[in-house]
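Trainee: Just passing along the structure, written as structure tokens.
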Amino acid sequence: MTATIAAENLTVAYDDFLALDNVSIDVAPGESFGLVGESGSGKSTLLRAIAGLAPVIGGKILLDGKTLGAQYRDKAFYRRVQMVFQDPYGSLHPRQTVDRLLQEPLAIHGVEDAEHRILRALDEVGLGSSFRFRYSHQLSGGQRQRIAIARALIIEPQIMLLDEPTSALDASVQAEVLNLLEQVRRDRRLTYIMVSHDLGVVTHMCERLVVMKSGKVVERLSSGDLVAGRISESYTKNLMIASKGFVRKAAFA
Ligand SMILES: Nc1ncnc2c1ncn2[C@@H]1O[C@H](COP(=O)(O)OP(=O)(O)OP(=O)(O)O)[C@@H](O)[C@H]1O
Ligand SMILES: [Mg+2]
């Protein structure tokens, strides 16, 4: 089966610094694929490279088996592939209403039926129509991240690149947003690449994952491997220890 998204020997450099060094992944249609690793290991860089937002100096990125250019992405690409960024405060303009934030992607992609889509998107992320005319600075972190997700979903992409979509949220809100993402993926048969530093989150959300360190892939695992403790690298074991939720779950398993 052709991978929906693949990276082959992808290398990204900022001046002389290799932020990604020969990284390869392949993500099957409808799969949820995880990227884990310590801070600075290159997780966001990999998502940004796929989105055409990082200086690729080697290797390639394929969408449905077709090679994409190093940087430029056309509108058709963003219609299919949407990204939710790590920081919901930085990614939403504070002085815009929710309505305006949701109109924008529809206008960019020339999608009609805005009224219906906005109401449906708000409903889908569990925020009713009463949120429509609030300013984003009037929203909590969790509400803001739901709007960021609604903004990505509203044009009906097939692939979502999710960069720590819940790391800024407290545990109970985090679980709600993760459940929401999982529900949407099932309903719409979406493909996800999801970054998290929390192995518990990835075990719950992803079928397969890569563990990254210093711009390289150090281990490839399935979520079953993680649950069963089939891990070879001590680096991965340390990440597990750092993910308290995972350790708790594993201890009760
Ligand atoms: N625009 C940039 N210019 C120079 N260096 C950069 C740039 N963006 C990222 N880097 C460097 O590339 C490396 C990988 O960064 P990246 O953001 O991919 O890490 P990450 O795994 O997402 O970390 P975190 O978990 O903290 O988000 C880091 O050392 C970072 O400092
Ligand atoms: Mg990051």
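The values are calculated or read from the model by the stated rules, or taken from the named source; none is laboratory data. Predicted, not measured: the structure shown is a model, and the values here were computed from it. Glycine also receives a Cβ, built like all others from the backbone with ideal geometry; neighbour counts cover every protein chain displayed.
Trainee: Counting only residues that are surrounded by 20 or more Cβ atoms within 10 Å (Cβ to Cβ) and either touching a strand residue (DSSP E or B) at 6+ places or on another chain (Cβ under 6 Å) or not basic (Lys, Arg) (or both), how many does region 112-130 have?
Mentor: Looking only at that region, the number is 4.
Trainee: With in contact with an Asp or Glu (Cβ under 9 Å, 6 or more places away or on another chain), assigned to a helix (DSSP H, G or I) and β-branched (Val, Ile, Thr) as the only criterion, which of Ile147, Ile118 stands out?
Mentor: Answer to the selection: Ile118.
Trainee: For Ile159, only one of the following conditions fails: (1) hydrophobic (A, V, I, L, M, F, W, C); (2) modelled with pLDDT under 95; (3) under 14 Å from the mean Cα position of the chain (by Cα). What is its number?
Mentor: All conditions are met except number (2).
Trainee: Test of understanding: among Thr97, Thr67, Thr2, Thr11, which residue is surrounded by fewer than 21 Cβ atoms within 10 Å (Cβ to Cβ) and within 16 Å of ligand 1 (Cβ to nearest atom)?
Mentor: Matching residue, one of Thr97, Thr67, Thr2, Thr11: Thr11.
Trainee: Given the criterion under 30 Å from Val36 (Cβ atoms), away from ligand 2 (no atom under 16 Å from the Cβ) and out of contact with any helix residue (DSSP H, G or I) (no Cβ under 7 Å at 6 or more places or on another chain), identify the matching residue among Asp113, Asp123, Asp170.
Mentor: None of the other options fit; the residue is Asp170.
Trainee: Arg48 fails exactly one of the following numbered conditions: (1) away from ligand 2 (no atom under 16 Å from the Cβ); (2) charged (D, E, K, R); (3) buried (at least 16 other Cβ atoms within 10 Å of the Cβ). What is the number of that condition?
Mentor: Failing condition for Arg48: (1).
Trainee: Follow-up question, since we're still on this one. Could you give me the residue pairs with C-beta distances under 6 Å whose first residue belongs to region 1-18 and is under 18 Å from Ile159 (Cα atoms), whose second residue is among the hydroxyl-bearing types (Ser, Thr, Tyr) and modelled with pLDDT of 95 or more wherever it lies, and which are 6+ apart or on separate chains?
Mentor: Short answer, once both residue conditions are applied: Thr4/Thr191; Ala7/Ser24.
Trainee: Just need a number here: residues in region 99-110 that are over 22 Å from Ala76 (Cβ atoms) and touching a helix residue (DSSP H, G or I) at 6+ places or on another chain (Cβ under 8 Å).
Mentor: 2
Trainee: Looking for whichever is crowded, with 22+ Cβ neighbours inside 10 Å and free of Cβ contacts under 8 Å to residues at least 60 places away in the same chain here; the options are Leu209, Leu199, Leu180, Leu221. Which one fits?
Mentor: None of the other options fit; the residue is Leu221.
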